[in-house]
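What follows is a set of notes on a single structure, which appears directly below.
The values are calculated or read from the model by the stated rules, or taken from the named source; none is laboratory data. The structure displayed is predicted, hence computed values, not measured ones. All Cβ positions, even for glycine, are placed from backbone atoms using ideal geometry, and neighbour counts span all protein chains on display.
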Amino acid sequence: MVQPLNRFKESASQTAGPYVHIGLTPNFSEINGVYPHDLGSSMVNDKTRGKRIAITGRVLDGTGTPLRDALVEIWQADADGLYNSPSEMRGAADPNFTGWGRCATDMVSGEFRFETVKPGRVPFNDGRLMAPHVTFWIVARGINIGLHTRMYFGDEDAANAEDPVLARIEHRVRLPTLVAEPVEGGYRFDIHLQGEKETVFFDI
Amino acid sequence: MSEGMLSNRKPETGAFFQRDREWHPQAYTPWYKTSVLRSPQKALLSLDNTLSEITGPVFGHNILGALDNDLIHNFAKPGESAIGPRIIVYGRVLDERGRGVPGALLEFWQANAGGRYRHKKEGYIAPLDPNFGGCGRTITDEDGGYVLRTVQPGPYPWPNGPNDWRPAHIHFSIFGHGFAQRLITQMYFEGDPMIPLCPIVKTINDPAAISDLTAALDMSATTPMDSRAYKFDIVLRGRRSTLFENRLEGN
Ligand SMILES: [Fe+3]
């Protein structure tokens, strides 16, 4: 026998289910009057520094049908590459930028939309700079544990080419699944849960 | 957002312990039919945490309203209250090292006492309770403790198999201190015979992991002549300590 490590086990994930919006975006679900507004519905204000962008997209199932009951959260650095988090030790992030957004996909079109700013570059663990990116977390009915992925920017070829995380993708044909297409006013990023274009999801 | 609650703790910059993917449900669980077309089929890309996962948003108590953790009253008309067995749910949010997680945002949602959700797409014949919305939230205290008040939700049938029912449950969403800790789970109730029959519960392989999601009746925490109490602790991923300060954080 050896000494026990005395680790607790993380609580097991369970699906967010079909009614996740009651809990996380109640005003969107027409449960009004409990909270003044839905958390994460606004990431920026008039004073936020950086280039304004909108990120739009859909989450698609194995038949290519958009999920109309998904919930998407994003987390990103500010325009200078700093996170608005107590664990950010490199400096103070823009106080007018939360870095965190939450959006229910539209009940008809399945679209999500975030009004945000383009993030700056953040160092990887060895000090090299990662390319600008936005962390995505997707939950929905039928998804047993929230899915983590990243969105990179289609107009950042040079930075993307030296990104240490993108470099880890063995099957290079899958790399475009993480790259958002520049469109008028921002970027478009579709997430494919399955199929030929299945998005690269992370175990982080 | 504010870091008020965390002020007398050293900032945490370590990477999180790896997730035990055998303990969590697999993505593809065909007996839970919706998972079939919504489960990634390719292997996940394993990655040590970077700053993007080690950091995360933190929420201050200033976002909370007085009734946010009281589902009996937070949607009810003045002087009225939700119908159903009144319960207190309390516990702690811990990390895998057993330390309380202060300042964690908990959001919860549930069906009413009849098993009906207040939702457009919900078609169960059980009636809505005009005084029950079904959502609440709170932020853990300095020790990771939290408490909420609600009515015990009813079990409900759902379209999967011809006669599948969910056990009584409360959905919980938890924010710890890093985005990699993000978790959604469900709380079940001690003694509910519906637990082992549920296809969603059965997405979890290990019976110990199911026990860990099952709240214990705690008669010592009840409010006499008012509410019974259930204790539900939640465990989030723990962090590696930064053993060598001269190394880059997270590595
Ligand atoms: Fe439910």
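Given the structure, is residue B:238 more than 10 Å from every other protein chain (Cβ to nearest Cβ) and within 30 Å of residue B:48 (Cα to Cα)? First the steps, then the outcome.
Values: more than 10 Å from every other protein chain (Cβ to nearest Cβ): no; within 30 Å of residue B:48 (Cα to Cα): yes.
No: the conditions fail for residue B:238.
Looking at the range B:40-62, which of its residues are facing another protein chain (nearest Cβ under 7 Å) and without any contact (Cβ under 8 Å) to a residue 40 or more places away in the chain? Steps first, please.
Residues of the range B:40-62 facing another protein chain (nearest Cβ under 7 Å): B:40-42, B:44-58.
Hits for the range B:40-62 are B:40, B:41, B:42, B:44, B:45, B:46, B:47.
I'd like the full set of residues that are more than 15 Å from the chain's Cα centre (by Cα) and surrounded by 24 or more Cβ atoms within 10 Å (Cβ to Cβ), limited to the range A:111-130.
Taking the range A:111-130 and keeping what is more than 15 Å from the chain's Cα centre (by Cα), we get A:120-130.
Of everything in the range A:111-130, just one residue is more than 15 Å from the chain's Cα centre (by Cα) and surrounded by 24 or more Cβ atoms within 10 Å (Cβ to Cβ), namely A:130.
Here is a yes/no grid of residues against (1) of a type in the set (D, E, K, R); (2) surrounded by fewer than 18 Cβ atoms within 10 Å (Cβ to Cβ):
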residue: B:169; (1), (2): no, no
residue: B:184; (1), (2): no, no
residue: B:194; (1), (2): no, yes
residue: B:201; (1), (2): no, no
residue: B:220; (1), (2): no, yes
residue: B:234; (1), (2): no, no
residue: B:237; (1), (2): yes, no
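Using beta carbons and a limit of 8 Å, which pairs, at least six apart or on different chains, have the first residue in the range A:130-150 and charged (D, E, K, R) and the second one part of a loop (DSSP other than H, G, I, E, B)?
Hits for this filter: A:141/A:15; A:141/A:16; A:141/A:17; A:141/A:18; A:141/A:69; A:141/B:38; A:150/A:165.
Pairs under 6 Å by beta carbon, first residue more than 7 Å from chain B (Cβ to nearest Cβ) in the range A:1-22, partner in a loop (DSSP other than H, G, I, E, B) and surrounded by 24 or more Cβ atoms within 10 Å (Cβ to Cβ), six or more apart or different chains?
A:21/A:29
Among what's in the range B:205-229 and is assigned to a loop (DSSP other than H, G, I, E, B) and in contact with a Lys or Arg (Cβ under 8 Å, 6 or more places away or on another chain), pick the residue that is farthest from the other protein chains (Cβ to nearest Cβ).
Across the range B:205-229, the extreme among qualifying residues is B:222.
What number of residues in the range A:160-184 are in contact with a Lys or Arg (Cβ under 7 Å, 6 or more places away or on another chain) and not in a loop (DSSP other than H, G, I, E, B)?
4
Can you tell me how many residues in the range A:1-49 are at positive phi, of a type outside the set (Gly, Ala, Ser) and either surrounded by 11 or more Cβ atoms within 10 Å (Cβ to Cβ) or within 16 Å of the ligand (Cβ to nearest atom) (or both)?
The number of residues fulfilling the criteria is 1.
Having 3 or more residues that are within 11 Å of chain A (Cβ to nearest Cβ) and either over 25 Å from residue A:84 (Cα atoms) or within 16 Å of the ligand (Cβ to nearest atom) (or both) is the bar; report the strands (runs of 3 or more DSSP E) wholly within the range B:94-201 that clear it. Write out each step before concluding.
Values: elements: B:105-109, B:135-139, B:145-151, B:156-158, B:164-166, B:169-175, B:183-189.
The qualifying strands (runs of 3 or more DSSP E) are B:105-109, B:169-175, B:183-189.
Give the number of residues within the range B:20-39 that are surrounded by fewer than 20 Cβ atoms within 10 Å (Cβ to Cβ), assigned to a loop (DSSP other than H, G, I, E, B) and not hydrophobic (A, V, I, L, M, F, W, C). I'd like the intermediate steps shown before the answer.
Kept after step one, since they are surrounded by fewer than 20 Cβ atoms within 10 Å (Cβ to Cβ), are these residues of the range B:20-39: B:20-23, B:26, B:28, B:30-31, B:33, B:36-37.
Okay, now just the ones that are also assigned to a loop (DSSP other than H, G, I, E, B), so B:20-23, B:26, B:28, B:30-31, B:36-37.
Filter once more, keeping what is not hydrophobic (A, V, I, L, M, F, W, C): B:20-22, B:26, B:28, B:30.
Here the count works out to 6.
Could you list, in sequence order, all residues of the range B:31-78 that are closer than 27 Å to residue A:74 by Cβ, at pLDDT 95 or above and of a type in the set (D, E, K, R)?
B:38, B:42, B:53, B:68, listed by residue number.
Looking only at residues that are of a type in the set (A, V, I, L, M) and part of a loop (DSSP other than H, G, I, E, B) in the range B:61-86, which one is nearest to the chain's Cα centre (by Cα)?
Initial filter on the range B:61-86 (of a type in the set (A, V, I, L, M)): B:63-64, B:66-67, B:71-72, B:76, B:82-83.
Cutting the leftovers down to part of a loop (DSSP other than H, G, I, E, B) gives us B:64, B:66-67, B:71-72, B:76, B:82-83.
Numbers: B:64: 18, B:66: 20, B:67: 19, B:71: 15, B:72: 18, B:76: 23, B:82: 21, B:83: 23 Å.
Of everything passing the filter in the range B:61-86, B:71 is nearest to the chain's Cα centre (by Cα).
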